[in-house]
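The values are calculated or read from the model by the stated rules, or taken from the named source; none is laboratory data. This one's a predicted model, so the numbers in the text were calculated from it and none came from an experiment. Cβ sites come from the backbone with ideal geometry, for glycine too, and all protein chains shown count toward neighbours.
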Amino acid sequence: MSNENHINRRGVLMVPLMTAFLPLLSSSPIMAQTTHRKIILDVDTGVDDAAAILIANIAPSIELLGITTVNGNTNIYNATRNSLFIKHKFSINAPVIKGADKPINGIYVEDKKFHGKDGLGDAYDMSATNVSIPNITAHDFILKTVNDNPGDVTIVSVGPSTNLALAIQKDPSFVKNVHSVVIMGGAAGFNGQMGNVSPVAEFNIFTDPEASDIVMAADWPLTMVGLDVTYSAPTYDSYFDELIKSAGEAGQFLKNINQYYINSYEKDRGVRASNQHDSMALMYLLHPEIFTTRRGKIKVSTESVFSRGQTIFCPENHSFASQEGWLERPVHQACATVNSDAFLNLFRRYINMYKNKEI
Ligand code: RIB
Ligand code: CA
């Protein structure tokens with residue numbers, strides 16, 4: 001499967017020239033990133049969201065403009081408090097902005113199991129967290145930040161897409177001002193990958209399929225990082241034990257919050273390992289060369305109870321007999337494979353950067 005290229009907002013062909021140097025990624029210092037990216041990270045902080053926040057904060061090539069929160073892994077209060085706890089614990093400058101407390105259709109069913117009652121693995125007493133936040137909604141922050149920086153901001157969404165959909169509904173023209181969008185969500189079905197909430201639906205999409213379909217129907221450079229790749233690099237207890245030695249407090253933090261998450265996966269999938277879905281979406285932005293992608297159109301099913309939340313992927317070069325509904329949809333791309341060792345080494349190298357940072 002060829003590694004297709006990314007056409008950025010200005011139509012410039014972004015060819016992943018580093019593909020030839022892939023083997024070096026596992027041993028050399030993190031490649032000096034030539035592209036400096038301003039990003040908004042949209043989270044439903046949860047355990048794997050936490051690692052993505054840490055990496056987005058410390059990656060030299062990223063300027064983290066804001067962390068917007070949405071209900072998903074946990075309710076909006078917890079998602080926002082958890083993000084603030086991480087912000088204060090690791091001296092993160094980016095503001096945390098509270099977002100949607102329910103999906104577009106208004107129905108939110110809180111899952112108190114997978115990420116713990118508090119949403120962050122029930123690993124810390126966060127009762128003293130300073131929970132003051134700016135007086136702006138997440139979707140208004142997204143609109144203002146993007147429209148004030150036309151063509152420069154990438155949105156990395158690692159929770160349900162409610163905030164992005166609300167932004168599009170309020171100002172559809174903002175889509176043309178976004179540099180690119182990376183979505184952790186969905187399952188295109190590559191290599192037979194199924195959903196994790198239903199046979200066909202992934203959690204972020206399933207939580208707000210109406211919002212996800214608005215996002216997938218928008219004409220912006222979008223990359224879907226789905227379960228097709230995010231289950232490829234499981235993180236075992238031993239991985240976190242090593243991280244404590246190499247990264248100090250940041251490693252210990254990830255070890256602590258992942259214990260509950262690993263236990264959830266052991267019950268759910270029979271393997272004592274967690275999956276860093278959200279960091280993998282961010283890693284696509286940082287190191288696209290460790291992924292292969294496929295270009296195509298994406299429809300999110302919202303109708304049937306059996307297919308609700310399914311991300312239906314229609315490859316760009318297929319002319320199926322039935323094209324109804326597809327013709328007006330824009331072409332996006334979805335990740336098909338990832339170099340798992342490179343991901344795990346890069347994840348470790350970014351977290352190790354906290355070792356010598358004043359926390
Ligand atoms: O299906 C995995 C996704 O759902 C991840 O973003 C995880 O944090 C949860 O939000
Ligand atoms: Ca998430």
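Looking only at residues of region 148-172 that are over 17 Å from residue 278 (Cα atoms) and among the small types (Gly, Ala, Ser), we find that the one that is surrounded by the fewest Cβ atoms within 10 Å (Cβ to Cβ) is 151. Only residues that are over 17 Å from residue 221 (Cβ atoms) and not charged (D, E, K, R) were counted in region 275-291, giving 8. For region 191-218, a residue qualifies if it is hydrophobic (A, V, I, L, M, F, W, C), within 16 Å of ligand 1 (Cβ to nearest atom) and over 24 Å from residue 37 (Cα atoms), and the qualifying residues are 194, 197, 200, 201, 203, 205, 206, 211. Checked against the criterion of being within 15 Å of ligand 2 (Cβ to nearest atom) and either surrounded by fewer than 23 Cβ atoms within 10 Å (Cβ to Cβ) or in contact (Cβ under 8 Å) with a residue 40 or more places away in the chain (or both), the candidates 94, 59, 100 yield just one match: 100. Is it the case that region 130-145 has a residue that's aliphatic (A, V, I, L, M), over 21 Å from residue 71 (Cβ atoms) and either at pLDDT 95 or above or not in a helix (DSSP H, G or I) (or both)? No, region 130-145 has no match at all. Can residue 83 be described as at pLDDT 95 or above, within 16 Å of ligand 1 (Cβ to nearest atom), crowded, with 23+ Cβ neighbours inside 10 Å and under 29 Å from residue 354 (Cα atoms)? Yes; evaluated as a whole, the condition is true for this residue.
With respect to the conditions (1) under 29 Å from residue 232 (Cβ atoms); (2) touching a helix residue (DSSP H, G or I) at 6+ places or on another chain (Cβ under 9 Å), residue 142 lacks only one, and its number is (1). Note on region 159-178: among residues that are of a type outside the set (S, T, N, Q) and more than 13 Å from residue 143 (Cα to Cα), the one that is nearest to ligand 1 (Cβ to nearest atom) is 159. Would you be able to say whether some residue in region 106-120 is farther than 18 Å from residue 208 by Cα, surrounded by fewer than 18 Cβ atoms within 10 Å (Cβ to Cβ) and touching a residue at least 60 places away in the same chain (Cβ under 8 Å)? Scanning region 106-120, I find at least one residue that is farther than 18 Å from residue 208 by Cα, surrounded by fewer than 18 Cβ atoms within 10 Å (Cβ to Cβ) and touching a residue at least 60 places away in the same chain (Cβ under 8 Å), so the answer is yes.
Would you call residue 305 assigned to a loop (DSSP other than H, G, I, E, B), without any contact (Cβ under 8 Å) to a residue 40 or more places away in the chain and either under 20 Å from the mean Cα position of the chain (by Cα) or closer than 25 Å to residue 347 by Cβ (or both)? For residue 305, the condition - assigned to a loop (DSSP other than H, G, I, E, B), without any contact (Cβ under 8 Å) to a residue 40 or more places away in the chain and either under 20 Å from the mean Cα position of the chain (by Cα) or closer than 25 Å to residue 347 by Cβ (or both) - is not met.
The sole residue among 314, 335 that is of a type outside the set (Val, Ile, Thr) and buried (at least 19 other Cβ atoms within 10 Å of the Cβ) is 335. Within region 59-100, being under 24 Å from residue 113 (Cβ atoms) and small (Gly, Ala, Ser) holds for 72, 79, 83, 99, 100. Does any residue of region 139-157 turn out to be closer than 26 Å to residue 35 by Cα and within 14 Å of ligand 1 (Cβ to nearest atom)? Within region 139-157 (the criterion being closer than 26 Å to residue 35 by Cα and within 14 Å of ligand 1 (Cβ to nearest atom)), the answer is yes, since at least one residue qualifies.
Checking region 350-358 against the condition returns no match, with no residue being in contact with a Phe, Trp or Tyr (Cβ under 6 Å, 6 or more places away or on another chain) and surrounded by fewer than 15 Cβ atoms within 10 Å (Cβ to Cβ). Looking across region 84-137, the residues that are on the phi > 0 side of the Ramachandran plot and more than 20 Å from the chain's Cα centre (by Cα) come down to 91, 106, 122. Screening region 168-256 for helices (runs of 4 or more DSSP H) wholly inside it with 1 or more residues that are aliphatic (A, V, I, L, M) and more than 16 Å from ligand 2 (Cβ to nearest atom) returns the ranges 209-217, 237-247.
Only one of the numbered conditions (1) polar (S, T, N, Q); (2) surrounded by fewer than 22 Cβ atoms within 10 Å (Cβ to Cβ); (3) in contact with a Ser or Thr (Cβ under 7 Å, 6 or more places away or on another chain) is violated by residue 238, and that is (3). Scanning region 249-285 for residues that are among the hydroxyl-bearing types (Ser, Thr, Tyr), under 23 Å from residue 346 (Cα atoms) and in contact with a helix residue (DSSP H, G or I) (Cβ under 8 Å, 6 or more places away or on another chain) turns up 261, 274, 279.
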